[in-house]
Amino acid sequence: MADRSAWLGWYYVKTGRREEAEKIAAWIVSQRQVNGLPEQVQEHLLSPAHYEMWVERTGHPAVPLLWSHAMFLVLAAELGITY
C-alpha cells in the first residue's frame with residue numbers, strides 16, 4: 001500500500017505535517033523489494049489467516065506497481081528529497 005501511504009504523506013506535507021510525511025517516505029523506502037515498490041505489503045495484516053486464501057484466489061501482490069512508484073515520486077518531490 002505504498003501508493004496510499006504516499007498519498008497520505010502528500011496530504012501531510014500540504015497540511016504542514018512534514019515530520020509525519022518524512023516518516024512515511026522513509027517507511028515506503030524500507031518496503032522496497034528487489035523488483036521495486038509493491039502494491040501491498042504483508043506487514044500488520046488485519047487478518048493474517050486469510051492471506052494465503054487471498055493469494056490463491058488473486059495471486060501475489062504486484063511488484064513493481066508503477067502507481068506506487070509514481071505516488072512516491074510525488075511525495076519525494078513535495079519533500080524536496082531524492083532517494
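All of the numbers you see were taken from the coordinates with simple rules; none came from a lab. It should be emphasised that the depicted structure is a prediction, and the values quoted were computed from it without experimental measurement. All Cβ positions, glycine included, derive from the backbone under ideal geometry; neighbour counts span all protein chains shown.
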Practice item. Distance from a point 7 Å along Cα→Cβ of Thr58 to each backbone N in the range 1-37: keep the residues under 16 Å and list them by number. Key: 1-5
Review point. What residue among Arg32, Arg57, Arg18 has the largest mean-square fluctuation in a Gaussian network model of the chain, using Cα springs under 10 Å?
Key: Arg57
Review point. Taking the Cα-to-Cβ direction at Gln33 and at Ala77 and moving 7 Å from each Cα, how far apart do the two end points lie in nm?
Key: 2.6
Exercise for review: Kindly provide log₁₀ I(q)/I(0) values, in the same order as q = 0.18 Å⁻¹, from the Debye equation applied to equal alpha-carbon scatterers of the chain.
Suggested key: -0.74
Practice item. Within 10 Å, count the other beta carbons around each residue, average over each peptide in 44-56, 19-31, and list them highest first. Key: 19-31, 44-56
**Study point:** Protection-proxy order for peptides 69-78, 2-11, each taking the mean of Cβ atoms within 10 Å per residue, highest first
**Key:** 2-11, 69-78
Check your understanding: What is the sum of charges around Gln40, taking Lys and Arg as +1, Asp and Glu as -1, for the other residues whose C-beta is under 12 Å from the C-beta of Gln40?
Key -> -2
